[in-house]
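The structure under discussion appears below in the form of structure tokens.
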Amino acid sequence: MNHKITKIRRKLMTELDKERYEHTLGVMYTAASLAMCHGEDIDKALLAGLLHDCAKCLPGDTKIKLCKKYHLSVSEVEKSNPSLLHAKLGAFLAARKYHVKDKDIINAIASHTTGCPHMSLLDKIIYIADYIEPGRKELPNMAEVRRLAFMDIDDCLYRILEDSLEYLNSKSVPVDPMTEKTYLYYKEKRKEGEE
């Protein structure tokens, strides 16, 4: 596995801009740390973290063209904001271009931007690692979110979803319906847990 990761790292170094590559390494190592903490497979976390943004630096129109070419659905929200496509397209490229066969890794890459209901532990780890990696600019409640990530992964996930929606709504940015759906799903789960 380490040989595969080294090979992919070299390739990504030429395909991502410097900032995105640094972020990618931050996510990869943060994901590995979370995997150690919560009992997930470390190699899977490393590989999913490394590839989570493999489609991020493609121009918007290229993302749309590739999605059409490979029959990946593109919603109206995604058409108006093609950067949202990088998770779905990245999952596809992880399988096709980087030969990742593990469905857990592919699913974690696909859901790392919006989340989704019924997330696996690996899905949660990649979603959270992307948000909290050390190079990330300080977002509201970051210290608390980082602390929670290593204590209660579900609480952390909920907090990030809540903060993200609040932020997007305050900026009047179109929200991907899946983010909303994920938030409502985990809000309901919390209610059930409290009863």
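Read-outs throughout are calculated quantities, based only on the coordinates presented, and are distinct from any laboratory measurement. Quick caveat, the model's predicted, so the values are computed rather than measured. Please note: Cβ atoms are built from the backbone with ideal geometry, for glycine as well, and neighbour counts cover all protein chains shown.
Observations on the structure shown:
- In region 139-156, the qualifying residues are those that are in contact with a helix residue (DSSP H, G or I) (Cβ under 8 Å, 6 or more places away or on another chain) and free of Cβ contacts under 8 Å to residues at least 24 places away in the same chain, and the one that is surrounded by the fewest Cβ atoms within 10 Å (Cβ to Cβ) is 144.
- Residues located in region 155-195, provided they are in a helix (DSSP H, G or I) and of a type in the set (Ser, Thr, Tyr): 158, 164, 167, 170, 179, 182, 183, 185, 186
- Screening residue 114 on (1) part of a loop (DSSP other than H, G, I, E, B); (2) in contact with a Leu (Cβ under 8 Å, 6 or more places away or on another chain); (3) surrounded by 22 or more Cβ atoms within 10 Å (Cβ to Cβ) shows it passes everything except condition (3).
- Any hit, region 117-140, residues being assigned to a helix (DSSP H, G or I), in contact with a Pro (Cβ under 6 Å, 6 or more places away or on another chain) and more than 18 Å from residue 86 (Cβ to Cβ): no
- Residue pairs meeting the criteria (Cβ under 8 Å; at least 6 apart or on separate chains; first closer than 16 Å to residue 83 by Cα, in region 159-181; second surrounded by 17 or more Cβ atoms within 10 Å (Cβ to Cβ) and among the small types (Gly, Ala, Ser)): 178/115; 179/115; 179/164
- Hits in region 1-57 - residues which are of a type in the set (S, T, N, Q) and within 18 Å of the chain's Cα centre (by Cα): 24, 30, 33
- Just one residue in the set 129, 110, 87 is of a type outside the set (Asp, Glu), in contact with a Gly (Cβ under 7 Å, 6 or more places away or on another chain) and under 25 Å from residue 184 (Cβ atoms); that residue is 129.
- Filter pass, residue 136 being among the basic types (Lys, Arg), free of Cβ contacts under 8 Å to residues at least 40 places away in the same chain and surrounded by 12 or more Cβ atoms within 10 Å (Cβ to Cβ): no
- Failed condition for residue 63, given (1) crowded, with 20+ Cβ neighbours inside 10 Å; (2) within 27 Å of residue 186 (Cβ to Cβ): (2)
- Complete set of residues in region 62-107 that are under 20 Å from residue 123 (Cα atoms), outside any loop (DSSP other than H, G, I, E, B) and in contact with a Lys or Arg (Cβ under 8 Å, 6 or more places away or on another chain): 83, 85, 86, 89, 90, 95, 104, 105
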